Every structure is written in C-alpha cells, then in structure tokens.
1. Once both labels are modelled 7 Å past Cα along the beta-carbon direction, what's the E358-T314 spacing in nm?
2. Please find, in a Gaussian network model of the chain (springs between Cα atoms separated by less than 10 Å), the residue of P51, P353, P259 whose mean-square fluctuation is greatest.
3. For region 5-53 and region 215-241, what is the separation of their C-alpha centers, rounded to whole Å?
4. Could you give the C-alpha radius of gyration of region 328-406 expressed as a fraction of 2.2 N^0.38 Å, taking N as the number of residues it contains?
5. Taking every Cα atom in the chain, find the radius of gyration and the maximum pairwise distance Dmax, and write them in Å.
6. So what is the relative contact order for the chain, in percent, with contacts set as C-alpha pairs under 8 Å and at least six apart?
7. Ranking E199, E234 by Cβ neighbours within 10 Å, fewest first, what do you get?
8. Taking a point 7 angstrom from the Cα of E424 along the C-beta vector, which residues in region 369-398 have backbone N less than 20 Å away?
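Here, each number is a calculation from the coordinates, and none is a lab measurement. Please read all numbers here as calculations on a predicted model, not as lab measurements. Don't worry about glycine lacking a Cβ; one is built from the backbone with ideal geometry, like all the others, and counts go over all protein chains shown.
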Amino acid sequence: MTADDTHRAIEAVWRIEQAKLIAGLTRIVRDVGIAEELAQDALIAALKHWPANGIPDRPGAWLMAVAKNLAINQLQRKKRLDRKLEEIGHESQEAVIQDLDAALDDVVGDDLLSLIFIACHPILEREARAALTLRLLGGLTTAEIARAFLAAEPTIQQRIVRAKRKLAQARVPFEVPHKEELGQRLSSVLEIIYLIFNEGYAATAGEDWMRPRLCDEALRLARILVGLAGEEPEVHGLVALMEIQSSRFAARIGPSGEPVLLFDQNRARWDQARIRRGLAALGRAENKAEALGRLPGPYTLQAAITACHAVARTPEETDWRRIVALYDELAETTPSPVVEMNRAVAVAFAAGPEAGLELIDQLVVEPALANYHLLPGIRGDLLVKLGRYREAQIEFERAAGLTRNARERALLLDRARECARNAEIPS
C-alpha cells in the first residue's frame, strides 16, 4: 500500500470512528473540547505510525487504546489521580485506571446518543448547535462548515469554541436526558439535523443551488440516531423525509447548475432506492406512533406529503387533496406561517389558483414572512396561472431581490422577464 493509499485509509477510518472516540472520551473527561483534542492527538499518532507499521486489523480499537492512554495522562497531569493517591493510597490509582478501561471499552451507543444531545443542547443558539454537531459528529472541518454556511472561518471557529466553553461552564451532564426531558431535547436534535439537511438541499446563499455534502451528513446523523433512539417515531419520520427529498438530487439541477423546480423535473431521474427506503421509514414512523397511541408528528407528516409526490409518476397524478389534508394536520400539530403558505400551494393545485391566491394574500401581512422570498415567488406562480403577467413580474422581481442565492435569483429574474414578454403579447 502506498503512502497516499494509507493516508486515504486513515481518513476513512477517522470519519467512521471520530464521533465514537469523542463520545467515549467525553464521558471520561466530561468536556467535549478536551475530548476532541484527545481524539485529534490519537489521529496524529495514527498518521505517524500507520504508514510505517501498516494499518492495524482493528483500527478503531487502536485509536481508542491510544486515546485511552492520552486520557489517563490528561487526568494525571491535572493531578486528579494524585489527589486520590494522597487520600487513600496506591491501590486507588489502579482502581481508577481499571474503571477508565471499563468505561472506554463499554458499548458506544449511549455515548454517541449523549454526544448528540450535548452538541444540540438548547442552551446553545441554533447556529452554534449546527456548527458543533457538524464538527463533532459529522467530522467536517471548520473550513468546510464555514463554506457550507457561507460564513468566515474565524466566525465559525469562534462559534464552536464559545459553544464548547458554554457547555463546560454550564456543566452540562454527559447523559441521555431523563424521560421527562427527552421529548423536548430530542425535538432540538431533530431540528438541527433537518436544519443542516435543508441548508444542503436549498442553499440559503452563495453560488450553488445545493450542497449535497451537508445533506449526506444530515442523513448519516439521522441514521445514527435511528440506531440509538429507534423507539421514537419522529426519528424515523425525519429519516423518511430526508430520504425521499434526497431522491430528487439528480433531477434538481440542470446541465449548467441551474435549479430545476419540482414540476419541471425528469422523474425518471429520481432515485428509486432512496424512495423505497423513505417509504419504509415512513411506514415504521406511522406504525410506531400508532403503537404508542400518538398522532403522527411533524416530520412524519412532512414525509407523508413528500411521499405523495414520490409515488406520482407525473405531476398531474399527484394526490393534492391528500396533501391538503396532511397540511391541515400539520397546521394543527405545528402551526406556522410557512406551513400555511405551503398549504395554500396545495389548495391551489387541488381547488384552483384563485383559491390558493386568496390564502396567499392573507399571508402577505404576516410579519414572519415579510422578507421571505418564497412568498412573492409563490404569489408570482399563481398570478401566472391566472394570466396576470404584469403583477407576476413584480412578484418575481421582488422575490429575486430577497433571495441571497445567486442561482435562485437568476431563475426568478428569468421568470420575471418571461412574464414581461407575455404581458406584451395581445390577448
């Protein structure tokens, strides 16, 4: 194996094992910042020894063994073991090290789940939670996270450092929340994972319409969560939603990187394997909710809406009445102006553009949507269907002025110009 092959293998092992290492170490040192540093030191040791000695048969175990020794050294440097020695003698040191061995050799499932809950802790702001999750669990570098969210690298670095410091100062326990807190905390975890996915699916700003790497990381995190908290229906609901949405990747971008909207997409390019996985996950979410006597949660409902599109061979075959009913449920479960906006679109397809426009016009005065570019974009779509091209042109131009994504802006301006041309054609 060449040196390049070895380094690529190390990178692959690190990507798989990093979160497990950090999780196991955090349980011992009780500080995610120190745990990450120790894990990085283990990686440095691998980069030094593996090219010369070969990759061990169990590379993850090798990294954990090195990390374990580093953790012991860290504890000794801080004189935690020395204090024990002074108090009750040498036998205590052996006991502490044996406890450490047992802890680090324990099953990693609870450790990973605890790390997810720490990275997504509600005391952190959403942006900090997203950055820390991608850093600790996604394995992305600070530079990669900065590029993904179009932020300066020092800004992201400071955000991550402050998040670690805040968790340490608050002495956030390294544990899965107790049952009474689990629902609220799990909701925070799912929110952050879906936030990461959405930023990859439709980038807020920049030159790229999509950032598939972020979507892949979000899906990977959600699959980990399924293995650790699979009894919760909404975990499966989120996986279903992201699997089905990600099935459209190949069809969402044109030859020059331009956005391709849902009804213009070549559905033959949708990934049927992802759709099947998504529908299976949706079935699990619905069955688990029913078994627990719960109504479907917001991610399960959104997945069911996405499934209606996935099973329709053509846009015309879409069951819009079913989608409207699902949005009605979603509006009761998670009321928001954005849900109402999306429901209005479904109503427009089920009952005609006039009915949809009437609902959209009621949202124009909604403060939360004042600078949301999708609202004038949707209004423009409905006005086009009604032949009101001049008004539609104004809406598309307004939407273009609000979006920060260059690809989306170009699409909206193209639509505005098309409306201007149609408005000049005598009826």
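1. 2.9 nm
2. It is P51.
3. Region 5-53 and region 215-241 have Cα centres spaced 24 Å from each other.
4. Numbers: Rg = 12.4 Å, N = 79, 2.2 N^0.38 = 11.6 Å.
Cα-based Rg divided by the globular estimate yields 1.07.
5. 25.3, 97
6. Working: 554 pairs, mean separation 44.3, N = 427.
After rounding, I find 10 percent.
7. On the way: E199 20, E234 23.
Ascending Cβ contact count within 10 Å gives the list E199, E234.
8. 384, 387-398
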